1. Near Lys111, which lysines are there with a Cα under 28 Å away, not counting those fewer than 8 places off in the same chain?
2. Can you list, largest first and rounded to whole Å, the semi-axes you get for region 118-205 by taking the square root of 5 times each eigenvalue of its Cα gyration tensor?
3. Would you list the P(r) distribution for region 60-187, with all Cα-Cα distances sorted into 5 Å bins from 0 and each bin expressed as a whole %?
4. For the chain, report the accessible area per residue in Å² (1.4 Å probe, heavy atoms, rounded to an integer).
5. Can you give me the % of accessible surface on the chain that is carbon or sulfur? Probe 1.4 Å, all protein chains present, nothing else counted.
6. At 7 Å along the Cα-to-beta-carbon direction for both Ile242 and Lys34, put a label point, then send me their distance in nm to one decimal.
7. Evaluate the distance, in nm, between pseudo-label points positioned 7 Å from the Cα of Ala204 and of Glu224 along their respective Cα→Cβ axes.
8. With r defined as the distance between the Cβ atoms of Thr73 and Gln23 and R0 fixed at 22 Å, what FRET efficiency is calculated, to the nearest 0.05?
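The values are calculated or read from the model by the stated rules, or taken from the named source; none is laboratory data. Not measured: the values here are computed from a predicted model. Here Cβ is always computed from backbone atoms with ideal geometry, including for glycine, and neighbour counts include all displayed protein chains. Remember, those area values only see protein heavy atoms, side chains included, never the ligands or the DNA or RNA. Shrake-Rupley method; radii C 1.70, N 1.55, O 1.52, S 1.80 Å.
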Amino acid sequence: MSRLIHVLRAGRLPYQQALKLQQTIASQLLQQGKQQPSDGLDSPAPPYRNVLILTEHDPVYTIGIRTQGYDETEEQRLCALGADFVRTNRGGLITFHGPGQLVAYPILDLKNFHPSVRWYVCHLERTIIELCRRYGLQAETTADTGVWIGDRKICAMGIHASRYVTTHGLALNCDIDLGWFGHIVPCGLVGKSVTSLAQELQRADLGVDRVAEEFMDCFRQTFECDLSPLDDAKQTELMNGI
């Protein structure tokens, strides 16, 4: 088993392109999982077994498998604000992605780690809690999904897993414009609010690129893995495909 994860730093992407990128990589991992060793013959090594996509998105509202309260009329209202609207197969209700938010999509074959979705989600949560601790913030999990500082959500989470290959992931608010969240009930949680690292620390130097470095170190520590940049040729091939 390999705990090597290749990092693909995709820059800023429209949500639909990032979704296609995830699906392409996940499909390749699933195909690798189906392949059986040849009789006495060495098969070529796969280009990767796990990939961590780091990106940020153009303004978009995304909704998971729980769509209650967000019909076509609501979709049109939100699009009129200047954001896209995308329905997905991740867990959870509605949230917002936009500039200033670090979005991480770990496309992992959990059989290389621990074949448990609960284990995986717990380790994502621990990664963000550790990152917040490094910035002097006390974050925690609650009965509601995501990572919180008090009753303010700083990181949203929603995942999908097929035969232990994961897609979707987490969205950490760095210095995002929080006003976008005021047009929805984030994740369907009435009475709760949303925050960011910049808001909590009253700092203007907490953009995605800077926080991504700390995030990767916390991810490496929590998942007990090695991180390595994805081969340039493979990254170009994947990005050209979207």
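1. Straight-line reach from Lys111, under 28 Å: Lys20, Lys34, Lys234.
2. For region 118-205, the semi-axes come out at 22, 16, 12 Å.
3. Going from the shortest bin to the longest, the percentages are 2, 10, 20, 22, 20, 14, 8, 3, 1.
4. Accessible surface, normalised per residue, equals 48 Å².
5. 47 percent
6. Modelled inter-label distance: 2.3 nm.
7. Modelled inter-label distance: 4.4 nm.
8. Result of the calculation: an efficiency of 0.15.
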